[in-house]
Amino acid sequence: MEKIYDYIEAHLPKQEEALEWLIRQTHTRTNHARMLSGKVQGQLLKMIVRISGARRILELGTFTGFSAICLASGLPEDGHLDTLELNDELEDLILEGFERAGLSDKISLHIGDCIRTLKTFRSEMESGKDGRELYDIVYMDANKREYNEYYELVFDMVRPGGLILADNVLWDGKVCLNPLPQDKQTQSIVRFNDSIASDPRVESVILPLRDGLSVIRKL
């Protein structure tokens with residue numbers, strides 16, 4: 001499988017220098033480089049944005065900004081991405097990556113608790129404050145224990161026909177184990193996957209890409 005993945009990666013378009021720089025910096029300046037979305041998934045995210053014609057994107061979990069850059073790269077000239085990150089120690093690295101990619105004007109970084117920030121966004125959207133529009137795409141890649149809460153909070157913030165993308169939904173294959181592991185992350189992701197499969201408001205598919213990517217379309 002690793003050889004197949006290497007083959008696929010070798011046939012991708014040439015990656016932007018800003019992303020190559022960010023990969024190097026993430027390995028050097030953090031202890032969690034495996035959290036990077038990766039080149040194949042990054043290209044897929046960029047293409048999904050372009051194919052869908054998305055103008056407004058919300059990302060939950062920036063990490064060092066790799067996926068944010070990929071998503072924003074697919075936006076039209078008037079498009080914008082809001083990205084939420086809890087760890088303020090990553091802020092300087094994230095913003096430098098955005099600047100190197102020439103996307104600083106297309107991305108707004110919001111540092112703070114994800115659920116609290118989402119509640120603020122929802123309140124602003126419902127009141128019409130700051131002219132907040134519905135999102136075309138929401139990309140979830142933050143705390144796996146909170147996926148179910150994220151989903152309920154963002155659902156009404158997504159336009160009909162819009163997409164909710166959720167990363168890591170196969171969780172290293174733990175979701176398939178019997179007996180099921182009792183750690184909170186695995187339990188939460190299993191509940192999330194089951195709830196999406198039975199939600200009549202959406203249609204969905206799980207792609208076995210990296211650690212699993214759920215593509216959810218709001219009806």
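Every read-out reported here was derived from the displayed coordinates using simple, explicitly stated rules and does not represent laboratory data. Note that this is a predicted model, so its numbers are computed, not measured. Backbone-built Cβ (ideal geometry, glycine too); neighbour counts: all protein chains shown.
Highest mean first, what order results for 108-120, 5-17, 81-93 on Cβ atoms within 10 Å?
Those peptides, ordered most packed to least, come out 81-93, 108-120, 5-17.
Mind listing the phi-derived Karplus ³J(HN,Hα) values for region 196-210, rounded to whole Hz, using 6.51, -1.76 and 1.60 with θ = phi - 60°, and x for any glycine or proline?
5, 4, 9, 7, x, 7, 9, 10, 8, 8, 9, 8, x, 9, 6
Could you give each residue of region 168-174 its phi-based ³J(HN,Hα) in whole Hz, using Karplus coefficients 6.51, -1.76, 1.60 with θ = phi - 60°, and x for Gly or Pro?
Working through the residues one at a time gives 6, 7, 9, 6, 6, x, 5 Hz.
Arrange Trp21, Trp171 by Cβ neighbour counts within 10 Å, fewest through most, would you?
So the ranking, lowest neighbour count to highest, is Trp21, Trp171.
Starting from one equal scatterer on each C-alpha and no solvent at all, send me the Debye-based log10 I(q)/I(0) for the chain at q = 0.10 Å⁻¹, two decimals.
Cα-only, vacuum Debye calculation for the chain: -0.43.
May I ask you to give the average projected area over all directions of the convex hull of the Cα atoms of region 1-86, in nm² rounded to one decimal? Could you put the intermediate results ahead of the total?
Details: hull surface 25.4 nm².
Seen from a random direction, the Cα hull of region 1-86 projects 6.4 nm² on average.
Simple spin-label model, 7 Å along Cα-to-Cβ: Glu89 to Gln185 in nm?
1.7 nm
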